[in-house]
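Only one structure is covered here, and it is reproduced in the block below.
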Amino acid sequence: MPERVLFTPAALNEVWGQQILARVRSLNLPIEELSRNRLTGLRGESERDTYNIAKRTLAVVTAPPSSFKLSPIPPSADWQFHIAEGCPAHCQYCYLAGSLSGPPVIRVFANLPQILENLATYEQPGQVTTYEVSCYTDPLGIEHLTGSLAECIRYFGTRQNTHLRWVSKFDAVDGLLDLPHNGHTRCRVSVNAAPISGRFEGGTASVASRLQALRRLALPRECGGGGYPVGLVIAPIMPIDGWQSSYGRLFDQINEALDFDCDLTFELISHRFTPGSKEVLQTWYPQSKLDMDESNRSVKRNKFGGTKYVYDSGTMKALRYFFEGEIGRRFPNAKLLYWT
Ligand code: SF4
């Protein structure tokens, strides 16, 4: 629950903004109506204060015109779109550090109907077009405040050849189970080995709860579940001491949660960081024990001149061999979408 909820005048002019207002009112959260469409006054005395204030603030705003021009998001999906930016959790390796600028306030977009309507212009006739909605937020982590993820699932349920993908580290899926998704939404949870999730993923649901949520989403409707296609994103994978046994135990938990036939995918992402993300993460989490020592890493450059630090090729090969082997052996019907 945020400590403050801010609404811009533009957001209050939107029907979806009014829907969010009704939700946050019913939760008795303190609401402030801003006089202008700019967010100000979110900085504290130190970077750490700014972080604390921002993470406890939900701002309901309208997505700017630039967000209607979508970007591709390989290998996860054809396109990414955004219903919000920012996340209430506190992962010390957070993917958003370095991607979003300014204080990490949670911005929710009130012009959702226009955002959804715009997606149709990116559909490719005669083939399935996929859209990822969790690049800049954890959509389930704020769903109780917005209802926006459910609205996306309903919308994609009405489209032909258009599929939605989302991923979360939260577990409140009750409101999603009965939606008319038509098999067009793949729900994924992000999981990790216990020493990593326990140490680095503050403010999230436990891995066991995420897996129970995934089980409920995947179970057939006649068994009380959501009947969704589902997936696991194992990320960020780290070669911690005893990683084979730690990740082996994670696979045991996955086996137990998904002990029935379902449409299942895996995505495997090894830990990486950039100079920019390291700098931001070190101001957000100055005491963190997360290993971001460049001297232990290989440098990977992208075509735009950006630099990423990844594990060396020997470590990558060993990790990949292990994960591909475990998935092949334990989940022969699942599809492994990518390793990166
Ligand atoms: Fe960042 Fe995802 Fe953790 Fe939220 S759940 S803090 S977006 S890594």
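The values are calculated or read from the model by the stated rules, or taken from the named source; none is laboratory data. These numbers come from a predicted model, not from an experiment. With ideal geometry, Cβ positions are generated from the backbone for all residues, glycine too; neighbour counts draw on all protein chains shown.
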Task: Selection from the stretch 127-140 of residues that are of a type outside the set (Phe, Trp, Tyr) and assigned to a strand (DSSP E or B) - done: Thr129, Thr130, Glu132, Thr137
Task: Condition check for Thr204: surrounded by 17 or more Cβ atoms within 10 Å (Cβ to Cβ) and away from the ligand (no atom under 12 Å from the Cβ) - done: no
TODO: Take Thr121 and decide whether it is more than 13 Å from the ligand (Cβ to nearest atom), touching an Asp or Glu at 6+ places or on another chain (Cβ under 6 Å) and β-branched (Val, Ile, Thr).
DONE: no
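Here is a yes/no grid of residues against (1) more than 12 Å from Ala193 (Cα to Cα); (2) in contact with a Phe, Trp or Tyr (Cβ under 6 Å, 6 or more places away or on another chain):
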| site | (1), (2) |
| --- | --- |
| Arg221 | yes, no |
| Gly227 | yes, no |
| Gly248 | no, no |
| Phe273 | yes, yes |
- [ ] Report yes if some residue within the stretch 56-79 is under 28 Å from Gln282 (Cα atoms), of a type outside the set (Gly, Ala, Ser), in a helix (DSSP H, G or I) and touching a helix residue (DSSP H, G or I) at 6+ places or on another chain (Cβ under 6 Å); otherwise report no.
- [x] no
- [ ] Determine whether Tyr338 is farther than 21 Å from Pro275 by Cβ, under 25 Å from the mean Cα position of the chain (by Cα) and surrounded by fewer than 17 Cβ atoms within 10 Å (Cβ to Cβ).
- [x] yes
- [ ] Being under 12 Å from Thr265 (Cα atoms) and not hydroxyl-bearing (Ser, Thr, Tyr) is the filter here, so list the residues in the stretch 305-338 that pass it.
- [x] Ile327, Gly328, Phe331, Pro332, Asn333, Ala334, Lys335, Leu336, Leu337
Open item on the list: Leu29 - would you say it is buried (at least 19 other Cβ atoms within 10 Å of the Cβ) and outside any helix (DSSP H, G or I)?
Closed with: no
Task: In the stretch 124-144, the residues that are in contact with a strand residue (DSSP E or B) (Cβ under 7 Å, 6 or more places away or on another chain) and away from the ligand (no atom under 16 Å from the Cβ) - done: Val128, Thr129, Thr130, Tyr131
- [ ] Among residues belonging to the stretch 88-110 that are away from the ligand (no atom under 11 Å from the Cβ) and β-branched (Val, Ile, Thr), point out the one that is surrounded by the fewest Cβ atoms within 10 Å (Cβ to Cβ).
- [x] Val105
Task: Residues of the stretch 145-188 satisfying the condition of being within 16 Å of the ligand (Cβ to nearest atom) and more than 15 Å from Ala213 (Cα to Cα) - done: Leu145, Thr146, Ser148, Leu149, Arg165
Open item on the list: Can you tell me how many residues within the stretch 247-277 are surrounded by fewer than 17 Cβ atoms within 10 Å (Cβ to Cβ) and among the small types (Gly, Ala, Ser)?
Closed with: 2
- [ ] Would you confirm whether any residue within the stretch 52-70 is among the charged types (D, E, K, R), within 16 Å of the ligand (Cβ to nearest atom) and surrounded by fewer than 16 Cβ atoms within 10 Å (Cβ to Cβ)?
- [x] yes
- [ ] Restrict the check to the stretch 114-126 and report whether at least one residue is touching a Phe, Trp or Tyr at 6+ places or on another chain (Cβ under 6 Å) and either at pLDDT below 95 or part of a strand (DSSP E or B) (or both).
- [x] no
Task: Given (1) touching a Lys or Arg at 6+ places or on another chain (Cβ under 8 Å); (2) away from the ligand (no atom under 16 Å from the Cβ), number of the condition Gln114 does not satisfy - done: (1)
TODO: Scan Arg165, Arg159, Arg210 and give me the residue that is out of contact with any helix residue (DSSP H, G or I) (no Cβ under 6 Å at 6 or more places or on another chain), surrounded by fewer than 22 Cβ atoms within 10 Å (Cβ to Cβ) and basic (Lys, Arg).
DONE: Arg159
Task: Matching entry among Gly183, Gly198 (being free of Cβ contacts under 8 Å to residues at least 24 places away in the same chain and not charged (D, E, K, R)) - done: Gly198
